[in-house]
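Q: Supplied in structure tokens, the structure appears directly below.
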Amino acid sequence: MANSKQEHLQKNQLDFPVEKGEFVRWESRFRSWITVDGSAGPSGVGGFKAESGRYHLYVSYACPWAHRTLIYRKLKGLESHISVSVVNPKMTEISWDFADYPGATGDTLYQSKTLQEIYDKAAGQYDGVVTVPVLWDKKKQTIVNNESSEIIRMFNSAFNDVSGNKADYYPEELRAEIDEVNRFVYDNINNGVYKAGFAKSQKAYEKAFTQLFDALNKIEARLAHQRYLVGDTLTEADLRLFPTLIRFDSVYVGHFKCNLKRLDDYPNLSKYLRAIYQRPGVAQTVNMDHIKHHYYWSHTAINPTRIVPKGPVVDYTQPLI
């Protein structure tokens, strides 16, 4: 048992779970849902009604999982209805914190010093992993949900009457295919880069590396015949893949040793990435300074010098041909 709370948090924050040298992602703990009328959502837990001004989002610009929620907040017109706080990208052994940093906001609700304090406020002496994103209920003073895949589903539909934005990125007729693509992309690409980067053995690294680039090859081939991953329109599948792709050449190629190819070496994937980046509002959710400083500064087991590379220069605004 840890001798202090700080030691316990250090173990949870930076000593990633490992099985046979392979990275294992933590399970999210808060899984309630916001619905139109406050009734039970898919998890069976209700009581959270979609209302303007009631909810607050805690995020890091650096985190790809939190990035999903920022994109949805932007595309669904929720910025005036759901407030946000942005953490410092340099994650310490204690927790994500709200120390001053360009582009970070501090905790605009409670002036907390760390995100751990928000978790403690919701669950007493919270003993789990402190992660972003966090969807907070100002009325009940608690965390609704800290699972990004569920938060974006809420943002997709629960607030339609509040915002008047009816855009649907999870249309019923495409859900089965979206779910199938999501599973493939999550296991092999979204989480695949982490399985390569945090591997504790050569065998585990090479297994993840091979699966990652096999998957990228399959997506590259898929995009040779269609503009988006599912159907002929932007869907949740695309918005879940985008945060990983936008970090790939700047972080994952070097820092996570995912260096067989750069994303820029894939004609279809690189064009697809630029097309999404250039959609109105999306570029505003990308903060490459936060992204690079988080990974290269925070992961001292991988980069003990904390030197943040100056490059590469990637122009996502190039015209689509």
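Q: Which numbered condition trips up Leu229, out of (1) within 19 Å of the chain's Cα centre (by Cα); (2) under 28 Å from Pro102 (Cα atoms)?
A: Among (1) within 19 Å of the chain's Cα centre (by Cα); (2) under 28 Å from Pro102 (Cα atoms), the lone unmet condition for Leu229 is (2).
Q: Quick check on my filter: what residues within region 140-168 are part of a helix (DSSP H, G or I) and of a type in the set (Lys, Arg)?
A: The answer is Arg153, and nothing else.
Q: Further, regarding this structure: Can you name every residue in region 230-248 that is surrounded by 21 or more Cβ atoms within 10 Å (Cβ to Cβ) and small (Gly, Ala, Ser)?
A: The one that is surrounded by 21 or more Cβ atoms within 10 Å (Cβ to Cβ) and small (Gly, Ala, Ser): Ala237.
Q: Counting residues that are in contact (Cβ under 8 Å) with a residue 40 or more places away in the chain and over 21 Å from Tyr72 (Cβ atoms), which helices (runs of 4 or more DSSP H) fully inside region 169-271 reach at least 1? Talk me through it step by step, then tell me what you get.
A: On the way: elements: 175-185, 192-197, 202-222, 236-247.
By residue number, 192-197, 202-222.
Q: Further question: Out of region 109-135, which residues are more than 21 Å from the chain's Cα centre (by Cα) and of a type in the set (Val, Ile, Thr)?
A: If the condition is that a residue be more than 21 Å from the chain's Cα centre (by Cα) and of a type in the set (Val, Ile, Thr), then no residue fits.
Q: Filter region 137-183 for residues that are acidic (Asp, Glu), under 21 Å from Arg31 (Cα atoms) and surrounded by 15 or more Cβ atoms within 10 Å (Cβ to Cβ) and give the result.
A: Just the residues of region 137-183 that are acidic (Asp, Glu), to begin with: 137, 147, 150, 161, 168, 172-173, 177, 179-180.
Right, trim to under 21 Å from Arg31 (Cα atoms) and you get 137, 147, 150, 179.
Of everything in region 137-183, those that are acidic (Asp, Glu), under 21 Å from Arg31 (Cα atoms) and surrounded by 15 or more Cβ atoms within 10 Å (Cβ to Cβ) turn out to be Asp137, Glu147, Glu150.
Q: Quick one: would you say Lys121 is free of Cβ contacts under 8 Å to residues at least 24 places away in the same chain, over 24 Å from Tyr296 (Cα atoms) and assigned to a helix (DSSP H, G or I)?
A: yes
Yes or no, residue by residue, for (1) more than 18 Å from Ser83 (Cα to Cα); (2) free of Cβ contacts under 8 Å to residues at least 40 places away in the same chain; (3) touching a Lys or Arg at 6+ places or on another chain (Cβ under 7 Å); (4) assigned by TED's automatic domain parsing to the domain that holds Ile34:
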{"position": "Gln111", "(1), (2), (3), (4)": "no, yes, no, yes"}
{"position": "Leu115", "(1), (2), (3), (4)": "no, no, no, yes"}
{"position": "Val134", "(1), (2), (3), (4)": "no, no, no, yes"}
{"position": "Ser149", "(1), (2), (3), (4)": "yes, no, no, yes"}
{"position": "Met154", "(1), (2), (3), (4)": "no, no, no, yes"}
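Q: Scan region 55-71 and give yes if some residue there is out of contact with any Ser or Thr (no Cβ under 7 Å at 6 or more places or on another chain) and assigned to a strand (DSSP E or B), otherwise no.
A: Yes, some residue in region 55-71 is out of contact with any Ser or Thr (no Cβ under 7 Å at 6 or more places or on another chain) and assigned to a strand (DSSP E or B).
Q: Can you go through Asp120, Asp107, Asp127 and tell me which one is surrounded by fewer than 18 Cβ atoms within 10 Å (Cβ to Cβ) and either closer than 26 Å to Tyr194 by Cβ or touching a helix residue (DSSP H, G or I) at 6+ places or on another chain (Cβ under 8 Å) (or both)?
A: Being surrounded by fewer than 18 Cβ atoms within 10 Å (Cβ to Cβ) and either closer than 26 Å to Tyr194 by Cβ or touching a helix residue (DSSP H, G or I) at 6+ places or on another chain (Cβ under 8 Å) (or both) holds for just one of Asp120, Asp107, Asp127, which is Asp127.
Q: Now, a different point. So Ala50 clears everything in (1) buried (at least 21 other Cβ atoms within 10 Å of the Cβ); (2) within 20 Å of the chain's Cα centre (by Cα) except one condition, right? Which one?
A: (2)
Q: What number goes with the only condition from (1) in contact with a Lys or Arg (Cβ under 7 Å, 6 or more places away or on another chain); (2) farther than 21 Å from Thr244 by Cα; (3) modelled with pLDDT of 95 or more that Pro64 does not pass?
A: Only one criterion is unmet by Pro64, namely (2).
The values are calculated or read from the model by the stated rules, or taken from the named source; none is laboratory data. Because the structure is a prediction, the values reported are computed rather than measured. Please note: Cβ atoms are built from the backbone with ideal geometry, for glycine as well, and neighbour counts cover all protein chains shown.
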